[in-house]
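Undergrad: The structure is given below, and queries will be raised subsequently.
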Ligand code: ARG
């Protein structure tokens, strides 16, 4: 092999990241080989000793990774043989790198999914905390980015908590399919050694919720399947899309034209030329990094397209997109948790530096946008008008208010009565933002009473 081909085909400089999973898998495999009488107890003891030392060397950064040895698996095995001789050479009995690498990636990803789930829960908790402080803060709710109806800022934040709750569900579902054992499939067809695959699955914690071992049931599929990586990246993409939607809103809300929020200086940057600038770099980057993760999904799904059974070297290309997806999502969740919820200061447990809300600006924007027009129409319906007629009458009233450049509640009763005789003094309660909010008390609606119910539910859930 030329140097170029060696560099082109080797994966050690990125897959060394799987070393821990690789050793964990080898320990489980060796234990089973010894238990089944395929290798001797002394060989098993030597393998355990050697792998422990290798763990330590890698931990201490003393392990010498060699490009010539292609990947993490061959690097570790070569060092093991160096350390314990023939026992090291026996470790690979009944195993192939094809089932080994599939096992390693699954073990690694399973742990990372658990980390991601915890980060998602942390972030949701922060969002619920911020929501709880802002139940009575009224902002315009939008459709088509046009002011639609007044909503509570808490309600808006809790919409994201719902999105992240679905992400969490998805990651847990994917985890169950990640957590299955390919090992024992060997190169593609299974092996002639009497392996106990279920024993290895149990050792590695690859069990279902009832404790039954989860073992891939077809050796060809087991070594070639990367569906789990595609599924995970798909769930991660959707999660990033949710973060990207939030990012877009943060960017808008921070602009002078909205002025709804401020982010702590730690998450913004200035401009090298315009001294007044405070740019929302973090949400912008998160929006940008969403493209990167969605790109990885396209990369992985295209990688699998038209691959014949069983293992092909194409699959070596699964790692970098997967690693980068995990890193990007984890960093993004951590940074968003801090940016929105604030950072815990020292040992006090008190958070500071989270999102700052300008309640006045939000309320003023809702008033400017005639956000209570639907409430006025509903009011007329209660007075006996068919909804379509009420809709038309309110459209006229909005036009009058626009012409005079005032809010709906600034019109006097005489003007309102001229449009429809049934309008009485009690209309002004309906035209207020707070009245509108309180009225929307269906399950899942924006009324503060409903939001409190939702916050209680979420607190128990999280
Ligand atoms: N480095 C390889 C990968 O990541 C390991 C499996 C290699 N198997 C083989 N038959 N060449 O996919």
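Undergrad: Tell me, what is the FRET efficiency for residue 438 and residue 121 to the nearest 0.05, using R0 = 22 angstrom and their Cβ-Cβ distance as r?
TA: In this case the efficiency is close to 0.10.
Undergrad: Further, regarding this structure: Using alpha-carbon positions, what is the distance between the centroids of the range 334-411 and the range 168-206, in Å?
TA: About 53 Å separates the Cα centre of the range 334-411 from the one of the range 168-206.
Undergrad: How many nm is it between the label spots at residue 20 and residue 417, if each spot is 7 Å from the Cα in line with the beta carbon?
TA: Each label point lies 7 Å from its Cα, and together they span 7.6 nm.
Undergrad: Rounded to whole Å, give me the distance from the Cα center of the range 68-125 to that of the range 437-462.
TA: Cα centroid to Cα centroid, the span is 46 Å.
Undergrad: Pairs of Cα atoms under 8 Å, at least six residues apart: use those to get the relative contact order of the chain, whole percent.
TA: 16 percent
Undergrad: Please rank 20, 156, fewest neighbouring Cβ atoms within 10 Å first, as an exposure proxy.
TA: Lowest to highest Cβ neighbour count: 20, 156.
Undergrad: Fewest Cβ neighbours within 10 Å first, please rank 274, 206 accordingly.
TA: 274, 206
Undergrad: Still on this structure: With a point put 7 Å past each Cα toward its Cβ, work out how far residue 114 is from residue 312 in nm, to one decimal.
TA: 3.5 nm
Undergrad: Return the equivalent ellipsoid semi-axes of the range 348-435 as a descending list in whole Å, where each equals the square root of 5 times an eigenvalue of the C-alpha gyration tensor.
TA: 33, 14, 11
Undergrad: Another question about this same structure. In the range 63-147, if every C-alpha pair distance is counted and binned at 10 Å from zero, what percent goes to each bin?
TA: Taking all Cα pairs of the range 63-147, the binned fractions are 13, 23, 19, 13, 11, 12, 8, 1 percent.
Undergrad: Could you list 323, 260 so that the one with the fewest beta carbons within 10 Å of its beta carbon is first and the one with the most is last?
TA: Starting with the residue having the fewest Cβ neighbours, the order is 323, 260.
Undergrad: Something else now. Just to be sure I understand the model, the point goes 7 Å from the Cα along the line to the Cβ. What's the resulting residue 74 to residue 452 distance in nm?
TA: Each label point lies 7 Å from its Cα, and together they span 6.7 nm.
Undergrad: Can I ask one more? Would you please report the Å³ per residue occupied by the convex hull of the alpha carbon atoms in the chain?
TA: So the per-residue hull volume is 216 Å³.
A short reminder: the numbers here are calculations on the coordinates, not readings from a lab. Owing to the predicted nature of the structure, the values given are computational and were not obtained by experimental measurement. So basically every Cβ, Gly included, is an ideal-geometry build from the backbone, and we count neighbours across all protein chains shown.
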